[in-house]
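Here is the structure we will look at.
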Amino acid sequence: MGDAGFTLDERLEKSSYLILRRGGIQIRHADDSRFPWVLLIPEQAQASELHDLDKELRRDIIDLATRLGKVMKEIFEADKVNVAAIGNLVPQLHVHVVARRQDDDAWPAPIWGHVEPEPMDESLREIRIEKL
């Protein structure tokens, strides 16, 4: 269902794990053991902003971020869920959905740009992906 001209940015590919594809959207878990952190990446070439997406795909990605946020808040016992599409370092459109806790390493600051990621071991990655 994705765009035939779509190629995943190498930085996103190297820093996250594919969970699944759903309706032209890749759902990936960021490789950082400190945070339950999902990336939603629309498989559309040249998309760097939400307004670059057609109405249906934009609705789908926002709906998916909302639903994932609700589930992540519950299963990871989060105090807050952060949702953002920043893209200053990696311009390819990707939406972050992050379950935050008041005792996490970055609280209350944003997680991106805070400190270097701490890669997950295989066991933690499997547990988080299974929960999601």
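Here are some notes:
- Exposure check, 1.4 Å probe, all protein chains in place: residue 52 carries approximately 60 Å² of accessible surface.
- Candidate residues 90, 83: accessible-area rank, largest first, probe 1.4 Å: 83, 90
- The listed residues 124, 39, once ranked by accessible area (1.4 Å probe) with the largest placed first, stand as 124, 39.
- Residue-normalised accessible area of the range 1-101, given per residue in Å² at a 1.4 Å probe: 54
- Nearest-10 value in Å² for the accessible area of residue 101, using the 1.4 Å probe: 90
- Residue 106-residue 7 FRET efficiency (beta carbon distance; Förster radius 35 Å; 0.05 resolution): 0.70
- Angle between the chain longest axis and helix 122-131 axis [Cα atoms, degrees, rounded to 10]: 70
- GNM result for the chain, Cα springs below 10 Å: residue of 29, 96, 51 fluctuating most strongly: 51
- Share of carbon and sulfur in the accessible area of the chain stands at 49%, probe radius 1.4 Å.
- Only helical runs count toward this figure. For the chain, summing -39,500 (n - 2.57) over DSSP H runs of n ≥ 4 and dividing by all residues gives -8500 deg cm²/dmol at 222 nm.
- For GluC sites (Glu not before Pro), the sites in the range 48-132 that DSSP calls loop and that have at most 15 other Cβ atoms within 10 Å are 49, 77.
- For the chain, the longest principal axis of the Cα atoms and the long axis of helix 55-75 meet at an angle of about 10 degrees.
The values are calculated or read from the model by the stated rules, or taken from the named source; none is laboratory data. All values reported here derive from a predicted model rather than from experimental measurement. Heads up, the Cβs are rebuilt from the backbone with ideal geometry, glycines too, and the neighbour counts pull from every protein chain shown. These accessible areas exclude ligands, DNA and RNA; they are computed on the full protein's heavy atoms, side chains included. Shrake-Rupley method; radii C 1.70, N 1.55, O 1.52, S 1.80 Å.
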